[in-house]
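Undergrad: Dropping the structure in here first, questions after.
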Amino acid sequence: MKNKSITSALEISKQDALKIFQLADKIKMGKVPKLKGKIALLFFEPSTRTFFSFYSAALLTGLTPIGFQSIEGTSVKKGESLIDTVRMFLGYGADCIVMRHPRAGAPLYIAERIDKPVINAGDDSREHPTQGLLDVYTIRERFGKIDGLRIGILGDLRYGRTPSSLAYLLSHWDTELVFIAPPLLQIDKRNDGMEMILRERDVKYEKREEVRVEDLDVLYVTRIQRERFPDEREYLKVRGAYRITRELLNRAKKDMIVMHPLPRVDELSPEVDRDERAWYFRQAENGLYVRAALFSLILGGWK
Ligand code: CP
């Protein structure tokens, strides 16, 4: 990881991921490292989980969070450039920049121009590497392993940024991935080379349109992201294309888990929350421990 920045899940080795998971385990058990410094949370796009889990992780580890959750009220609204905005927070003592941005590649652009570490908290449809980390951490927590699992990734594989980061991290293990989506949202050459990367990494994967769950150990559901469709008519073609219900889960393995990066809209029925296979709220909570572990490793030095 250059300058200890994380701009893509492709920069995270298996060894890095395991180190993060081991530290997150300790933090979850109450053994919290004490850190000093400031974290700038610069969110140019809305967020609940990512912003507040990073914020909570900073408080938990003794760091001071500064920054903004929305560009409303900032001089971005007056046209201030991205690099100038970041420079201001470096001037106020930020030791690390955590940024979410609607432009793909914005965190990498900043990481190449400053000396402090940059963590990508989601850039357009491209990647969300810390979400991928907490997703794999949750799978490992549930099954005690990652190898040998068959993991279905369902939904908006075209505009979603969580499927790519998750798949890149899972490529370190011997898993089988099943990409489930309507043709318009399926992975292909439009996904920033994702399929090419998976082939290069010898990932076993298949694609299907039909929402079948009986052969899966994990069903990772994603929302169709209306806000990212350049053409509303395209969105209307796939709106409501799938919905996970208790009836569907009756056909799944008893020990399968349902995951979702959240927020959900209508693709995951609230009645599923009562099923013990619903793991999405535990998954979101794990964001706190995984992000605290990341702060510790990035600011405390990788050992
Ligand atoms: N999973 C996720 O990125 O959620 P937020 O958009 O609420 O941060």
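Undergrad: Short version: what are the Cα gyration tensor semi-axes of region 23-86, square root of 5 times each eigenvalue, largest first, in whole Å?
TA: Each semi-axis is the square root of five times an eigenvalue, giving 28, 12, 8 Å.
Undergrad: So what's the Cα pair-distance distribution over region 116-238, bin width 5 Å, in %?
TA: Final binned percentages: 2, 11, 21, 25, 21, 12, 6, 2, 0, 0.
Undergrad: Shifting gears a bit: Relative to the first principal axis of the alpha-carbon coordinates of the chain, what is the inclination of helix 129-143, with its axis defined by its Cα atoms, in degrees from 0 to 90 and to the nearest 10?
TA: 50
Undergrad: Given a cut-off of 20 Å, name the pairs among LYS145/LYS204; LYS4/LYS36; LYS145/LYS254; LYS26/LYS116; LYS28/LYS145 whose C-alpha atoms lie farther apart than that in the structure shown.
TA: Flagged as over cut-off: LYS26/LYS116.
Undergrad: Separate question: If Rh is defined by the Kirkwood formula over all Cα pairs and Rg also comes from Cα, what ratio Rg/Rh do you get for region 156-303?
TA: Using Cα coordinates only, the ratio equals 0.98.
Undergrad: Compute the helix-to-body angle for 49-61: its Cα long axis versus the longest principal axis of the chain, expressed 0 to 90° and rounded to tens.
TA: 50
Undergrad: What value does the chain have for Rg/Rh, both radii from Cα atoms and Rh as Kirkwood defines it?
TA: Here Rg/Rh amounts to 0.96.
Undergrad: Then there is this: Once both axes come from the Cα atoms, what is the angle between helix 82-91 and the longest principal axis of the chain, in degrees from 0 to 90, rounded to 10?
TA: It works out to around 50 degrees.
Undergrad: Using amide H atoms built 1.01 Å from N in the peptide plane, name the residues 5+ places from ASP95, or on other chains, whose amide H lies under 5 Å from its own.
TA: Excluding prolines and chain starts, which carry no amide H, the hits are LYS38, ILE39, ALA40.
Undergrad: With a cap of 11 neighbouring Cβ atoms within 10 Å, and only residues DSSP puts in a loop, list the GluC sites (Glu not before Pro) found in region 71-170.
TA: Hits after loop and neighbour filter: GLU72.
Undergrad: While we're on this one: Testing the spin-label approximation: label points 7 Å from Cα along Cα→Cβ at LYS189 and PHE52. State their distance in nm.
TA: 4.3
Undergrad: Mind checking which lysines have their C-alpha under 26 Å from LYS237, skipping anything on the same chain fewer than 8 residues away?
TA: The qualifying lysines are LYS189, LYS207.
Undergrad: Select from region 146-245 those GluC sites (Glu not before Pro) which occupy a DSSP coil region and have at most 16 other Cβ atoms within 10 Å, ordered by residue number.
TA: Those satisfying the criteria are GLU209, GLU210, GLU214.
Undergrad: Moving to a separate point now. Between ARG246 and PHE143, with labels modelled 7 Å along Cα→Cβ, what's the label distance in nm to one decimal, could you check?
TA: Distance between label points: 2.7 nm.
Where a number appears in this text, it was derived from the coordinates with a stated rule and is not lab data. Quantities reported herein were computed from a predicted structural model and do not represent experimental measurements. Reconstructed Cβ throughout: ideal geometry from the backbone, glycine too, with neighbour counts over all protein chains shown.
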